[in-house]
Amino acid sequence: MLIFKIFRTDEWQTLRRDGETAGAPIDLADGYIHFSTAAQAAETASKHFAGAEDLFLVAVDADAAGEMLKWEVSRGDALFPHLYRKMLMSDVVWAQPLELKDGVHQFPPGLEKASQ
C-alpha cells in the first residue's frame, strides 16, 4: 500500500539533496512524520495546504517503511500513518508536482486504486 506525504518544494529539495529528512515543521513539532492514505490526501491538502502552490505529492510504500510506521487515530477518528524515524530518499516510490487549479489541488486520476 502506498502512503503519501505532501511537501513544499523546499522540503522536497532538502530530502533529495540530503537523502533524508525529519519532515516539515509540523512533523518536527509532533515528533513524527505525518502521512495520509490515498483516501485522506485530498482532505489533508485542503486542510493544511489550502491555496498553496509549489507542492509535491510523494508516495512511500507503507510496508517498506518498517515497524517505525504506526497507524494512529487522528482527524475524524480515522487511522493515519505516522513515521517515527527520518524519511529517506530510498523510501520514495514516486513523486510529482501537486498542481493547484482553480484553488483545488489536482491529484493523479485513480490515486486510490494505484495505492493499493
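Each value in this text was obtained by applying a stated rule to the coordinates, not by laboratory testing. Predicted, not measured: the structure shown is a model, and the values here were computed from it. For neighbour counting, all protein chains shown are included, and Cβ atoms are generated from backbone atoms with ideal geometry for every residue, glycine included.
General remarks:
- Among residues of the range 91-107 being without any contact (Cβ under 8 Å) to a residue 60 or more places away in the chain, out of contact with any Phe, Trp or Tyr (no Cβ under 8 Å at 6 or more places or on another chain) and surrounded by fewer than 16 Cβ atoms within 10 Å (Cβ to Cβ), the one that is nearest to Thr9 (Cα to Cα) is Glu99.
- Scope the range 19-33; condition assigned to a helix (DSSP H, G or I) and either in contact with a strand residue (DSSP E or B) (Cβ under 9 Å, 6 or more places away or on another chain) or exposed (fewer than 12 other Cβ atoms within 10 Å of the Cβ) (or both); matching residues: Pro25, Ile26, Asp27, Ala29, Asp30
- In the range 66-98, the residues that are among the acidic types (Asp, Glu) and in contact with a His (Cβ under 7 Å, 6 or more places away or on another chain): Glu72
- If you go through the range 34-90 and pick out every residue that is assigned to a helix (DSSP H, G or I) and either without any contact (Cβ under 8 Å) to a residue 60 or more places away in the chain or not aliphatic (A, V, I, L, M) (or both), you end up with 13.
- Residues within the range 1-15 that are of a type outside the set (Ser, Thr, Tyr), assigned to a helix (DSSP H, G or I) and surrounded by fewer than 22 Cβ atoms within 10 Å (Cβ to Cβ), tallied: 4
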